[in-house]
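Since the structure comes first, as structure tokens, the remarks are kept for the end.
The values are calculated or read from the model by the stated rules, or taken from the named source; none is laboratory data. Nothing here was measured: the structure is a model prediction, and the numbers come from that model. Cβ atoms come from the backbone with ideal geometry, glycine included; neighbour counts cover every protein chain shown. Please note that ligands, DNA and RNA were not included when accessible areas were found on the heavy atoms of the full protein model with its side chains. Shrake-Rupley method; radii C 1.70, N 1.55, O 1.52, S 1.80 Å.
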Amino acid sequence: MEKQANSSRSDNSDSERNESEFGTAIIDKEAQTIALEPSTSVEPVPDGGLEAWLIVLGATIVLVDTWGLINTFGVFQAYYEETLLKTSSASDISWIGSIQAALLCLVGLISGPLFDAGYFRHTLVGGLFLIIFGMFMTSLCTVYWQFVLAQGICVGLGMGLTFLPSAAIISQYFSRHRALALGISSAGSPVAGIVFPIIFSRLEPVVGFGWATRVLAFILLALSVIPLVCMRTRIPPSGKARALFDRSALTDWPYVTFVASSFFSFLTLYVPFFYITVFATAHKITTPDFAPYLVTMLNVGSVFGRLVPNALADRYGSLNVLSICLIGSAAIGYGWLGIQNLAGAIVFALLYGALSGGVVSLVPSVIVSLAPDMSRVGVRMGISFLVSGIALLIGTPIAGAIVGGYSDAEWKGTMAYAASGLLFAAVLNTVARVMVYKKRGGWRA
């Protein structure tokens, strides 16, 4: 009996069990992982198989439709400044892309709880419709406010309805390889960022802005059939009302610190994506015809940044790998200050794309690892994306205000702003990692 009691105490010291309507969430302190012990009505997490990988395929297409378009906005930014919206400032034009990116995150505060409540299909269908409809409407726009409504608000709302649920659903199908699955799905974003700028740059001189944009919309329409066919939730909803806000999150200090880190990450992370094309042409580093390909280079690097860090995260912990990616992104960001030729710009684009890609793709797996149980993943993601959305909304317009008239001093101020935000984010993320160590023990998180 004494031996059994000691064994029981030992088991309790290694793990904690949190009950939820989906089953029992087991938090293993030693391994620093969260696994779902299913209830009698839910099968074990498959962690692979045809159905699970079809979910990843569908999520990949959703990333093409969401972050893929955001990664492409640098081409639109340059085109609007040079052609369609010459009378608008760089800061004003960047509001179109920042509204789009902000809504992707802000609407997560609603789509997260809707996902938890069992409305995944509703958010998926509605979101994809808004994205495609918004892109078709963008092709008809001629003045600034029309672009804000169509490309900024309409497309952004659709992104917000689809992105968070497509990330959260992967946690229902993967446990041990969750970070890798999220990384593979997020590779859809840079792939779109590689292909879409090339398509737009090649077609626009031949068929004009309208049809070049409509071609992108038709591509999105065809691809969106895949998630509509493949993606289904595995865990049934509880049937209980789910709050839009998880009050316990406010006292979970590792999570709060991580969310603060995410704010500064997304405040400046996309500054190079929006302004690298304008920077290259303003400094005569390359011709206006080749400048859009620097956005492509950023996304080429980002493909590797979505896959390699996430593969490492399953072994070494998502928070640990995220800290490395943030520190590396900040260092490369400061390196932007020294670029004086095309070779330097290409190297910067490839390296920054790789490290920033790791930052974006690791965030969902970190949130899952910090969640007390799986039933609150959607709400916790929604809170985090709300804060990140505010950062995305104001981050690139601030950069546009700093760059102002494109003087050398203004460009250096913009670069320093971009890199310093990432450096501060790295510091906060490291603090969150130390907090997790003190709370759970072990360095794998």
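Listed values, structure above:
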{"read-out": "Cα long-axis angle, helix 67-79 against the chain (0 to 90 degrees, to the nearest 10)", "value": "20"}
{"read-out": "Overall form of the range 306-445 per C-alpha gyration tensor (a/c, 1.5; a/b vs b/c)", "value": "prolate"}
{"read-out": "Cα Rg over Rh - the range 183-342, Kirkwood", "value": "1.04"}
{"read-out": "Accessible surface, the range 387-445, averaged per residue in Å² (probe 1.4 Å)", "value": "42"}
{"read-out": "Nearest 10 degrees, 0 to 90: helix 342-370 Cα axis against the chain principal axis", "value": "30"}
{"read-out": "Accessible-area value, residue 53, 1.4 Å probe, nucleic acids and ligands omitted, Å²", "value": "100"}
{"read-out": "Inter-label distance for residue 143 and residue 427, nm, one decimal - labels placed 7 Å from Cα along Cα-to-Cβ", "value": "4.6"}
{"read-out": "Heavy-atom accessible surface of the chain: percent carbon and sulfur, 1.4 Å", "value": "67"}
{"read-out": "Helix 120-138 axis, angle to the chain major axis (alpha carbon atoms, nearest 10°)", "value": "0"}
{"read-out": "The chain, relative contact order in percent, only Cα pairs under 8 angstrom and at least six apart counted", "value": "26"}
{"read-out": "Cleavage-rule hits (GluC sites (Glu not before Pro)) in the range 47-88: DSSP loop, at most 15 neighbouring Cβ within 10 angstrom", "value": "none"}
{"read-out": "Ranking by accessible area, most exposed first, for 324, 346 with a 1.4 Å probe", "value": "324, 346"}
{"read-out": "Residues of the range 216-343: accessible area per residue with a 1.4 Å probe, Å²", "value": "43"}
{"read-out": "Computed over the range 140-245, Cα set: Rg, Dmax in Å", "value": "17.7, 55"}
{"read-out": "Label point distance in nm, residue 50-residue 316, each placed 7 Å from Cα along Cα→Cβ", "value": "3.7"}
